[in-house]
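Read-outs throughout are calculated quantities, based only on the coordinates presented, and are distinct from any laboratory measurement. Model, not experiment: these values are computed from the prediction. Heads up, the Cβs are rebuilt from the backbone with ideal geometry, glycines too, and the neighbour counts pull from every protein chain shown.
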Amino acid sequence: MTTGIPLSRGVPPGAAARADRLDRVRKLLAKAERAGTPAEAEIYNAKAVELMARHGIDEALLAADDPRRDEIGALRIALADPYSSGKARLLGWTAAALRCRWVMHGANGGKVAAVTVFGFASDRERVELLYTSLLLQATGQLVRLRPLRPGESVAAYRRSWLQGFAAQVHQRLLEAEERAAAEACSTAGGDRERAAGTALVLVDRGAQVDRAYAAAFPQLTRARRPSLSGSGFADGAEAGRRADLGGRPIGPAGRGAGPRELAGGP
């Protein structure tokens, strides 16, 4: 479970309808977590991520007419060991794929105390919901993993496995978001102005988040890219591909692949 602490106040218009859509996503993810076979879990995961991506686009377009329904803010999520650094990247890279920014807090000695997700309310909700499910799926596999190399540290292997899992999930979520945006533009048919307006809304939202993020965290430093000795990255990436979040298979990601990371204070 995550323990998100919202840093913005008030209940925006349209929150009830948004909660209803996210509840459908939550039920699909719950079915994936309880699925009897990997193939069954893939079906539910694919449906959940497809619905979540469409929900993000719909909220973006609705907020263009009524900005009060989807305000920019922050959500701080506390992390716990073991593997808090890997969990932070799973959360942060999920956030980056869903059009949010993120910052790590208390990153020291391979541990991370918390992550703040910064973005529009609808996107923050999507991040927390999906991360909760992904974390459950990942940790369920982690406890059963052992390295094949004789003498390799189990902890090192699991850390690198989680890194590979997070990197692959990030890429697949990016694909799902891009498809949803392309489909939203294509539904405009021959209306080029409407299609261009949809694309412009998404670009403008990204710019708004970047400006607000820079104002909220003006003194961030770049986090050092993790140095992992374990051999589990490729196995973790393969597990991320098997999650089948609704996208086409992609090629292997490079070791340590992922978006830019920033570290802040406690």
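With viscosity set to 1.002 mPa s and temperature to 20 °C, compute the Stokes-Einstein D of region 99-193, Rh being the Kirkwood radius across alpha carbon pairs; µm²/s, no decimals. Rounded to a whole number, D works out at 131 µm²/s.
Here is the P(r) of region 13-87: all C-alpha pair distances, binned every 5 Å from 0, give 3, 14, 16, 15, 17, 18, 11, 5, 1 in whole percents. Bridgeable lysines around Lys47 (alpha carbons under 16 Å apart, same-chain partners fewer than 8 residues away excluded): Lys27, Lys31.
For Lys87, the lysines whose Cα falls under 17 Å of its own Cα, not counting residues fewer than eight places away in the same chain, are Lys111. Each residue of region 168-177 is assigned a 3J(HN,Hα), and the resulting list reads 6, 4, 4, 5, 5, 5, 4, 4, 5, 5 Hz, derived from the Karplus form 6.51 cos²θ - 1.76 cosθ + 1.60 (θ = phi - 60°), x at Gly and Pro. Note that region 43-57 has calculated 3J(HN,Hα) couplings of 4, 5, 4, 4, 5, 5, 6, 4, 5, 5, 5, 5, 4, x, 5 Hz, one per residue in order, obtained from phi through the Karplus relation 6.51 cos²θ - 1.76 cosθ + 1.60 (θ = phi - 60°); glycine and proline are x. For the peptides 52-63, 141-152, 70-81, 85-96, the ranking by mean Cβ contacts within 10 Å, running from highest to lowest, is 85-96, 52-63, 70-81, 141-152. Taking all Cα pairs closer than 8 Å and separated by 6 or more residues, the relative contact order of region 51-204 comes to 26 percent.
Stretching the chain fully between Asp66 and Leu136 yields a gain of 21.7 nm (0.36 nm per residue, less the alpha carbon separation).
For Leu79, the amide hydrogen comes within under 5 Å of the amide hydrogens of Ala114, Val115, counting only partners 5 or more places away or on other chains and with H modelled in the peptide plane. The listed peptides 35-42, 126-133, ordered by packing as a protection proxy, come out as 126-133, 35-42 (highest mean of other Cβ atoms within 10 Å first). Taking each residue as 0.36 nm, the span from Arg149 to Glu40 lengthens on full extension beyond its C-alpha to C-alpha distance by 36.1 nm.
Given a Förster distance of 35 angstrom, what is the FRET efficiency for Ala30 paired with Gln219, based on the Cβ-Cβ distance and rounded to 0.05?
On the way: r = 40 Å, r/R0 = 1.15.
That gives a FRET efficiency of 0.30.
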